[in-house]
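Structure, as structure tokens:
The values are calculated or read from the model by the stated rules, or taken from the named source; none is laboratory data. On a predicted model such as this, the values are computed, not experimentally measured, just so you know. In this analysis, Cβ positions are derived from the backbone assuming ideal geometry, glycine residues included, and neighbour counts consider all displayed protein chains.
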Amino acid sequence: MTAHDSTHPSGRSRAHRGRRWIAAGAVLGLVAVVALAAAVFQLGLPWWMREGDRNDTYEGAGGSLRFQVHLPAQAEGRAGLPVVMAIHGCGMTGYGWNSMKATTALNELADAEGFIAVYPTQRMFRSAINCWDSADPREQHRGSGEPALLAGVARQVVEDYDADPDRVHVVGASSGAGAAVILAVTYPDVFATATSVAGGEYGLNQVDPDDPGSTPPEYTARQAWSQMGDRARQVPLLVIQGEDDEVVPTRVATRLVEHWTAVADLVDDGLLNGGPDLSEATTTVPADQGRHAYTHTTLTTTDGRSLVEYYLVRDMGHAWPGPAGSGLFTDRAGPDASAIAWDFARRHPREPSQQGP
């Protein structure tokens, strides 16, 4: 038996240590690969960026949040541009793989119309499928959690690019739509309008999907109004919903419209008494050449301002509709949600007023 024979006790010990080092190295290698894959999923690759794209991070008391900004060519040497912040849904990212940027194709619209597009992305490993935690009551308050981080991103963009603080708008899809509605409630002094695509009301987590009538929309509306506090205002809301959505059923969108109308009623005078006086009009657009039919309902105040607009798209599931988008959750046969959202935002600047803390 030689000195290096592995049958010798010392040889077996060295062999065992060697196998442990190999196993540890394999584990570390696997962790590195997973971390790299997660980073690519969440943040994309450098060559995915185009002219005008800039990556940034917001640092706040509650943590940090990565986001990407797209500056249109019109931003060169120009102040006071509007801002549209787009919040992704579950299984998506802001600007990485299956991104909100690609889904909405907002960059192209921003270049054509002259606004700044912003794509926050959920923190890595925060959620198993990268959702925003809009159903968590702890993430539904001003000054903490996701609302504070997202509002912080919007404020930082306004400051860094000298954008118009009265034309900051938020749009969201699915869980991001829930986050957008929460931002309209918790930061009505920051966001002029909100757009919900396949989303629900503030406090939707309190509604039993098997017995939604047990929690009327007015109940969650009172909570939303209370959260607004002395910053309360009637925030215009755009709702877009697929009629065949099995993830977020149509009744959730219908409740959102009722809920938001009740919030506006409470903002009016603190009472649920049928105010403000709203007129309702519905237009039906038939299917044509492979495009989905849809209805467009508008609730308009006496001064001609639409408070709530609701698009119900036939034959569409849980998706962002629009002919230019790409990704797992797009429906190119639907109406152009990005163009609709921008037109809605353009028509509804926030009345100039001092922003809250």
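Data table
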{"quantity": "Residue within the stretch 129-138 that is buried (at least 19 other Cβ atoms within 10 Å of the Cβ), assigned to a strand (DSSP E or B) and at pLDDT 95 or above present", "calculated": "no"}
{"quantity": "Qualifying residue in the stretch 340-357 (condition: surrounded by 16 or more Cβ atoms within 10 Å (Cβ to Cβ), of a type in the set (Ser, Thr, Tyr) and either touching a helix residue (DSSP H, G or I) at 6+ places or on another chain (Cβ under 8 Å) or touching a residue at least 60 places away in the same chain (Cβ under 8 Å) (or both))", "calculated": "no"}
{"quantity": "Gly322 being within 23 Å of the chain's Cα centre (by Cα), surrounded by 14 or more Cβ atoms within 10 Å (Cβ to Cβ) and at positive phi", "calculated": "yes"}
{"quantity": "Subset of the stretch 233-251 that is aliphatic (A, V, I, L, M) and under 23 Å from Ala345 (Cβ atoms) - its residue that is surrounded by the most Cβ atoms within 10 Å (Cβ to Cβ)", "calculated": "Ile240"}
{"quantity": "Residues of the stretch 262-296 classified as modelled with pLDDT of 95 or more, within 25 Å of Ala180 (Cα to Cα) and either of a type in the set (Asp, Glu) or touching a Pro at 6+ places or on another chain (Cβ under 8 Å) (or both), total", "calculated": "5"}
{"quantity": "Subset of the stretch 260-280 that is in contact with a helix residue (DSSP H, G or I) (Cβ under 9 Å, 6 or more places away or on another chain) and either within 27 Å of Thr330 (Cα to Cα) or of a type in the set (Ser, Thr, Tyr) (or both) - its residue that is surrounded by the fewest Cβ atoms within 10 Å (Cβ to Cβ)", "calculated": "Thr261"}
{"quantity": "Residue list for the stretch 47-70, filter: of a type in the set (A, V, I, L, M, F, W, C) and either in a loop (DSSP other than H, G, I, E, B) or more than 15 Å from Ala163 (Cβ to Cβ) (or both)", "calculated": "Trp47, Trp48, Met49, Ala61, Leu65"}
{"quantity": "Test for Glu146: is it charged (D, E, K, R), modelled with pLDDT of 95 or more, buried (at least 24 other Cβ atoms within 10 Å of the Cβ) and within 26 Å of Ala264 (Cβ to Cβ)", "calculated": "yes"}
{"quantity": "Residues (of a type in the set (Gly, Ala, Ser), surrounded by fewer than 24 Cβ atoms within 10 Å (Cβ to Cβ) and part of a helix (DSSP H, G or I)) located in the stretch 71-113", "calculated": "Ala73, Ala75, Ala102, Ala112"}
{"quantity": "Any pair with Cβ under 8 angstrom, 6 or more apart, that starts in the stretch 302-314 at a residue that is over 16 Å from Val235 (Cα atoms) and ends at one that is modelled with pLDDT under 95 and of a type outside the set (Val, Ile, Thr)", "calculated": "none"}
{"quantity": "Residues satisfying the stated conditions in the stretch 71-104, i.e. under 22 Å from Ala192 (Cβ atoms) and of a type in the set (A, V, I, L, M, F, W, C)", "calculated": "Leu71, Ala75, Ala79, Leu81, Val83, Val84, Met85, Ala86, Ile87, Met100"}
{"quantity": "Total residues in the stretch 155-168, condition assigned to a strand (DSSP E or B) and free of Cβ contacts under 8 Å to residues at least 40 places away in the same chain", "calculated": "0"}
{"quantity": "Gly152 being in a loop (DSSP other than H, G, I, E, B), over 21 Å from Val239 (Cβ atoms) and modelled with pLDDT of 95 or more", "calculated": "no"}
{"quantity": "Some residue of the stretch 290-302 being among the hydrophobic types (A, V, I, L, M, F, W, C), surrounded by 14 or more Cβ atoms within 10 Å (Cβ to Cβ), part of a strand (DSSP E or B) and touching an Asp or Glu at 6+ places or on another chain (Cβ under 9 Å)", "calculated": "yes"}
{"quantity": "Helices (runs of 4 or more DSSP H) wholly inside the stretch 169-271 that include at least 3 residues being among the aliphatic types (A, V, I, L, M) and in contact with a Lys or Arg (Cβ under 9 Å, 6 or more places away or on another chain)", "calculated": "250-269"}
{"quantity": "Some residue of the stretch 238-250 being closer than 18 Å to Gln140 by Cα, at pLDDT 95 or above and among the aliphatic types (A, V, I, L, M)", "calculated": "no"}
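Yes/no per residue for (1) among the basic types (Lys, Arg); (2) closer than 26 Å to Asn205 by Cβ; (3) in contact with an Asp or Glu (Cβ under 6 Å, 6 or more places away or on another chain):
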site: Leu109; (1), (2), (3): no, no, no
site: Gln122; (1), (2), (3): no, yes, no
site: Ser134; (1), (2), (3): no, yes, no
site: Gly145; (1), (2), (3): no, yes, yes
